[in-house]
1. Would you say residue 202 is touching a helix residue (DSSP H, G or I) at 6+ places or on another chain (Cβ under 7 Å) and under 30 Å from residue 148 (Cβ atoms)?
2. Could you tell me whether any residue of segment 21-40 is surrounded by 18 or more Cβ atoms within 10 Å (Cβ to Cβ), free of Cβ contacts under 8 Å to residues at least 40 places away in the same chain and more than 30 Å from the chain's Cα centre (by Cα)?
3. Only one residue in 114, 5, 107 is under 26 Å from residue 131 (Cβ atoms), surrounded by fewer than 16 Cβ atoms within 10 Å (Cβ to Cβ) and in contact with a strand residue (DSSP E or B) (Cβ under 7 Å, 6 or more places away or on another chain), so which one is that?
4. Quick one: which of 147, 124, 220, 116 is under 28 Å from residue 233 (Cα atoms) and out of contact with any helix residue (DSSP H, G or I) (no Cβ under 8 Å at 6 or more places or on another chain)?
5. Please determine whether any residue of segment 95-108 is touching a residue at least 12 places away in the same chain (Cβ under 8 Å) and more than 27 Å from the chain's Cα centre (by Cα).
6. Just give me the residues in segment 197-233 being within 17 Å of residue 165 (Cβ to Cβ), surrounded by 11 or more Cβ atoms within 10 Å (Cβ to Cβ) and in contact (Cβ under 8 Å) with a residue 12 or more places away in the chain, in sequence order.
7. Take segment 241-265 and flag every residue that is in a helix (DSSP H, G or I) and crowded, with 18+ Cβ neighbours inside 10 Å.
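The values are calculated or read from the model by the stated rules, or taken from the named source; none is laboratory data. As the structure is a prediction and not an experimental result, all values here were calculated from the model. Cβ sites come from the backbone with ideal geometry, for glycine too, and all protein chains shown count toward neighbours.
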């Protein structure tokens with residue numbers, strides 16, 4: 001992994017964009033969506049940036065870039081069409097350990113912009129680490145068609161219930177099970193039709209019900225080890241499982257698709273060599289299910 005994907009809160013944080021043209025405008029708009037405090041420095045600015053400046057949405061400094069413009073900045077973008085200026089911005093910002101991005105010049109980037117699917121508060125970022133931006137954009141376009149618009153309002157609704165759920169369910173496992181129940185319920189369809197008040201009412205009812213978790217065991221065949229041969233149902237179960245019991249015959253590529261916080265139990269089976277007896281494995285599955293866990 002060349003770049004660690006992180007999400008940074010930029011509310012009122014100072015960021016600098018060096019440049020005044022269309023590219024600078026695009027980067028500026030991205031920062032404004034994150035509610036950053038944007039300053040731009042350039043000898044001239046396009047009409048759209050001038051308008052943003054007149055509306056006090058950004059700060060415009062009509063000047064050539066110099067090192068003092070970096071003072072107090074958290075992030076810096078170099079978006080000029082002059083290589084020497086962009087290189088100067090990179091070198092000076094990098095020397096100060098300020099995250100810097102030189103547009104369309106990956107070697108001079110300590111961070112990069114992903115392609116984004118925005119369903120606020122849900123945000124999905126896709127990156128090719130700068131190697132194939134057109135491919136990343138096409139992946140984003142595909143995801144845009146797959147992810148419904150109501151996902152954002154649904155996330156906002158359940159977010160408003162987080163404190164109540166924490167008070168009702170003391171353990172992380174119980175809370176996760178509750179949310180699995182919610183997302184399998186008609187709460188989702190009610191939000192989809194715009195009836196968020198009915199969805200909120202049903203959420204309250206589910207909280208009051210507080211059902212006991214039911215354990216489940218699913219047996220998933222990993223086949224020859226190619227993750228693309230997994231069924232959608234198998235992938236869903238792997239993402240929902242509390243515990244995954246596996247052996248050495250399962251490929252690393254398959255295991256990468258398991259839910260990140262699931263407990264992993266290796267029973268050590270290799271071709272012709274079962275280090276854990278099948279009977280013991282079966283009993284383990286039963287015991288885990290009796291604890292109310294989803295096992296695969």
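1. Values: touching a helix residue (DSSP H, G or I) at 6+ places or on another chain (Cβ under 7 Å): yes; under 30 Å from residue 148 (Cβ atoms): yes.
Yes: the conditions hold for residue 202.
2. Within segment 21-40, none of the residues are surrounded by 18 or more Cβ atoms within 10 Å (Cβ to Cβ), free of Cβ contacts under 8 Å to residues at least 40 places away in the same chain and more than 30 Å from the chain's Cα centre (by Cα).
3. Details: 114 fails: surrounded by fewer than 16 Cβ atoms within 10 Å (Cβ to Cβ); 107 fails: in contact with a strand residue (DSSP E or B) (Cβ under 7 Å, 6 or more places away or on another chain).
Result of the check over 114, 5, 107: 5.
4. Working: 124 fails: out of contact with any helix residue (DSSP H, G or I) (no Cβ under 8 Å at 6 or more places or on another chain); 220 fails: out of contact with any helix residue (DSSP H, G or I) (no Cβ under 8 Å at 6 or more places or on another chain); 116 fails: out of contact with any helix residue (DSSP H, G or I) (no Cβ under 8 Å at 6 or more places or on another chain).
Of the residues listed, the single one that is under 28 Å from residue 233 (Cα atoms) and out of contact with any helix residue (DSSP H, G or I) (no Cβ under 8 Å at 6 or more places or on another chain) is 147.
5. Going through segment 95-108, the residues touching a residue at least 12 places away in the same chain (Cβ under 8 Å) turn out to be 96, 98-103, 105-106, 108.
Next cut, more than 27 Å from the chain's Cα centre (by Cα) only: 96.
Looking through segment 95-108, at least one residue is touching a residue at least 12 places away in the same chain (Cβ under 8 Å) and more than 27 Å from the chain's Cα centre (by Cα).
6. Answer for segment 197-233, where residues must be within 17 Å of residue 165 (Cβ to Cβ), surrounded by 11 or more Cβ atoms within 10 Å (Cβ to Cβ) and in contact (Cβ under 8 Å) with a residue 12 or more places away in the chain: 199, 200, 202, 203, 206, 207, 213.
7. As a first pass, look at segment 241-265 and keep what is in a helix (DSSP H, G or I): 252-255.
The one that is in a helix (DSSP H, G or I) and crowded, with 18+ Cβ neighbours inside 10 Å: 254.
So that you can scan it fast, the table gives a plain yes or no per residue for (1) outside the structural domain of residue 162 (by TED's automatic domain parsing); (2) over 27 Å from residue 258 (Cβ atoms); (3) assigned to a loop (DSSP other than H, G, I, E, B):
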residue	(1), (2), (3)
173	no, no, no
177	no, no, no
181	no, no, no
185	no, no, yes
191	no, yes, no
197	no, yes, no
203	no, yes, no
221	yes, no, yes
225	yes, no, yes
